[in-house]
Structure formats: C-alpha cells, structure tokens
Amino acid sequence: MTSREQARKIVDYEARRDANGHIKVYHLPSGDGGGSREVAGINDRYHPEALDRIEALLAEGRYEEAEDVAAAHIEQYTDSVAMLSTVPAIQFALRDAAFNRGPTGAIRILQDALGLTVDGVAGLQTRAALAEAEKDPEAFLQEFRAARERYERRTRDETSQFWTGLNNRWDQQLSDSLSMLV
C-alpha cells in the first residue's frame, strides 16, 4: 500500500459521509478535543487551514478534489513518522497513530511498544529498536496496538464516550496492517 493509499484509508476511517457517499463536515461533540468541526478528522483546532480549503471545495461541490486534498494533507502530516519504518504495514500503523495523536504522540506510542524510555524523540535508539522489531512485524503490530491503548488510558478509559470508537479504530488499523503482511 502506497503512502497515499494509506492516507486514503485514514480518510475512510475518519470521514462522515452524506447519502451520496461524499465526505462532509462533522460538528464535534464536547470533550472531543479537536475543536468544533472536522472533515475526515481534519479539524479546526489542529488543521484549520486544511479544513478551510476542504470546506471551500465541498461548498463548491468539488467532492473528489476535497477528498484528494484531505488525503494529501494526512499523508504530508504523517510522513515524518511513517517513514521511520521500511515495512508498509508498520508505516500504516505509525501513520494512523500520528494522525490521531500527533507525530510526537505516535513516537511516544512507538517507544512504549518497543519497551524504550518514552521521550517522544525518534533518536538512534528508537530507530535501531524499530529496525530490530521489523524482523517480526506481526508481533510488533500487536504490541503497537496495545501501546496505543496504554497511551490513551493516560487520559480516558472505558467510561469515556469515545472509548468504543477508539477500540474499534485500533482493532481496524491492526487488522488492516496485518492484512498487508500477507
């Protein structure tokens, strides 16, 4: 799966769609943390310029272009973390985590999964440990999924209105990554 295909998969994970299957603006519930509105996870708190561009395209009925812009934005935003790995399945896991929790959050999750000191910096030790973990990508991906949950538990748990959705997301990403190994 190419980096753009990975970004499109994240668009599909994130997007609310209208009756015609077009991505649409979603007004976020309180407590979400991403601001007040988003399109395909691109929100007004962390990605305001990209959101404005996508909303303008949607208002003009340029749906396919809006989805292309969303995927391009996600790809660009997550490239630095995804490119830490040479294994597409792992790249996708890193990319998805980076889009949800920012590049530094994704590196923190990665370091936890690798059993390293968590500092959010992908230095030589992190890169070397990841290169070793790539030798058994299935085992690494399972541990990365568990690390995503541990990371989230710092601020929420099963009582959160978002917990079920997060669990479903982590499981779907793991399944999609594992399917890339076949």
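Every number in this text was worked out from the coordinates using simple rules, so none of it is lab data. These numbers come from a predicted model, not from an experiment. Methodologically, a virtual Cβ is constructed for each residue, glycine included, from the backbone with ideal geometry; neighbour enumeration extends over all protein chains shown.
Could you tell me whether any residue of region 107-124 is in contact with a Gly (Cβ under 9 Å, 6 or more places away or on another chain) and under 25 Å from Arg4 (Cβ atoms)?
Filtering region 107-124 for residues in contact with a Gly (Cβ under 9 Å, 6 or more places away or on another chain) gives 107-108, 111, 120.
Among the residues that remain, those that are also under 25 Å from Arg4 (Cβ atoms) are: 107.
Within region 107-124, one or more residues are in contact with a Gly (Cβ under 9 Å, 6 or more places away or on another chain) and under 25 Å from Arg4 (Cβ atoms).
Give region 151-167 a look and list any residue that's surrounded by 13 or more Cβ atoms within 10 Å (Cβ to Cβ) and farther than 17 Å from Tyr13 by Cα, or say none. Answer for region 151-167, where residues must be surrounded by 13 or more Cβ atoms within 10 Å (Cβ to Cβ) and farther than 17 Å from Tyr13 by Cα: Tyr151, Glu152, Arg156, Ser160.
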